[in-house]
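Working notes for the structure below.
The values are calculated or read from the model by the stated rules, or taken from the named source; none is laboratory data. All of these numbers come straight from a predicted model, not from anything done at the bench. Heads up, the Cβs are rebuilt from the backbone with ideal geometry, glycines too, and the neighbour counts pull from every protein chain shown. Side chains are part of the model used for accessible areas, which takes the heavy atoms of the whole protein and leaves out ligands, DNA and RNA. Shrake-Rupley method; radii C 1.70, N 1.55, O 1.52, S 1.80 Å.
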Amino acid sequence: MEFIKVEAQARPYVALVQLNRPKELNALNLQLMGELRDALKQLDEDEQVRVIIVTGNERAFAAGADIKQMAGKTAIDMLNIDQFSTWDQIKKTKKPLIAAVSGFALGGGCELAMTCDMIIASETAMFGQPEIKIGVMPGAGGTQRLTKALGKAKAMEMVLTGKFLTATDAERQGLVNRVVPVELYLEEAFKLAGEIAQMSPVAAKLAKEAVNRSFEASLEEGLYFERKNFYLCFASEDQKEGMAAFIEKRKPSFSGR
Ligand code: DAK
């Protein structure tokens, strides 16, 4: 891997993936995205991993897709490259994904953070969809996910002006889980990941899938889906263990089975 660093056991059951093109502010070129897709797939299949953190560095989570790589492309080039399949694969990650964001999260960088399930931000984090300033528009879910998070008026303004959202505003508007001082953002992400890693990994995957359904389905369909996954929890050893532990007044030990 040239453009990302992976630590499968950064903490017990918690993996860390770091975007690593610091000089280019982690601009997401095709190779980086391919490496990220492959790493997440591998971690998703690793039984020792229950939660995955995606991060950049203090200055930038990612300043967007690599403009230099995209600049000369035609519509047909873009169609043939089919970057969407890479993004779709990332979105299919079953384990909880936490974005630990500091500095710039712009364009594809903002979209990548929003593709994750939760966002922990440093006070210096800045979110934006500035594609309009370079003559395009968001292409990896920004118009949809930002609108769901902020509402139409705020999202429209960001997408049409390219203005950034500060970490504090992002938290106030529900885009990020919380904002912490810059020296703590990664630690805070580990704390959240550690908490989730103690839960049943089976229930966590099913619950993640059901929450995500609320974005993609009508309420009725979403509720149906939730119900199906709820029943499925009862097929797991973790459900038996979790409930037995409660009754026996002890801590559960979840196996992921
Ligand atoms: N691409 C390529 N290089 C970038 C970059 C980017 N997005 N962002 C920064 N860099 C490079 C700069 O060119 C510079 O390189 P050198 O000149 O040193 O070689 C280096 O990183 C440091 O950047 P600056 O010198 O500009 O640093 P500043 O602190 O002055 O400014 C900045 C930081 C983040 C405000 C500025 O760099 C900037 O405006 N960057 C561009 C932000 C942007 O427009 N982002 C949106 C890009 S479009 C899709 C999926 C996703 C997308 C599209 C399709 N499909 C699935 C089909 C996404 C599109 C986008 O994200």
Once the whole set of protein chains is in place, how much accessible area is left on residue 257, using a 1.4 Å probe, in Å² to the nearest 10?
130
Please report the antiparallel percentage of the DSSP beta bridges confined to the chain, to the nearest 5.
25
Among 78, 118, 126: highest mean-square fluctuation, GNM of the chain, C-alpha pairs under 10 Å
78
Amide H of residue 126 versus every other amide H placed in the peptide plane: which residues, excluding those fewer than 5 positions away on the same chain, fall under 5 Å?
103, 104, 105
For 198-205, 95-102, 247-254, ranked highest to lowest by mean beta-carbon neighbours within 10 Å, the order is 95-102, 198-205, 247-254
Kirkwood hydrodynamic radius, the stretch 90-163, all distinct C-alpha pairs: what's the number in Å?
12.5
List the relative contact order of the stretch 55-111 as a percent without decimals, with contacts defined as Cα pairs under 8 Å and 6+ residues apart.
74
Residues of the chain: accessible area per residue at 1.4 Å, in Å²?
54
Excluding residue 184 itself, calculate the net charge of residues whose Cβ lies under 12 Å from the Cβ of residue 184, where each Lys or Arg counts +1 and each Asp or Glu counts -1.
-3
Determine ³J(HN,Hα), in whole Hz, for all residues of the stretch 54-62 in sequence, where each value follows from phi through the Karplus function 6.51 cos²θ - 1.76 cosθ + 1.60 and θ = phi - 60°; x replaces Gly and Pro.
10, 9, x, 9, 4, 7, 8, 6, 6
Surface share of carbon and sulfur [accessible, 1.4 angstrom probe, percent] for the stretch 1-155
54
Ordered by residue, what ³J(HN,Hα) values in Hz, to whole numbers, does the stretch 188-202 give under the Karplus form 6.51 cos²θ - 1.76 cosθ + 1.60, where θ = phi - 60° and Gly and Pro are x?
5, 5, 5, 4, 5, 4, x, 4, 5, 5, 7, 7, 5, x, 5
Show that you can apply the helix-only estimate: for the chain, add -39,500 (n - 2.57) for every DSSP H stretch of four or more residues, divide by all residues, and state [θ] at 222 nm to the nearest 500.
-14500 deg cm²/dmol
Largest to smallest accessible area among 186, 36, 16, 232 [probe 1.4 Å]
232, 186, 16, 36
Taking the C-alpha atoms of the chain, how large are the radius of gyration and the largest Cα-Cα span, Dmax, in Å?
18.7, 65
Alpha-carbon centroid distance for the pair the stretch 105-176 / the stretch 47-87, whole angstrom
15
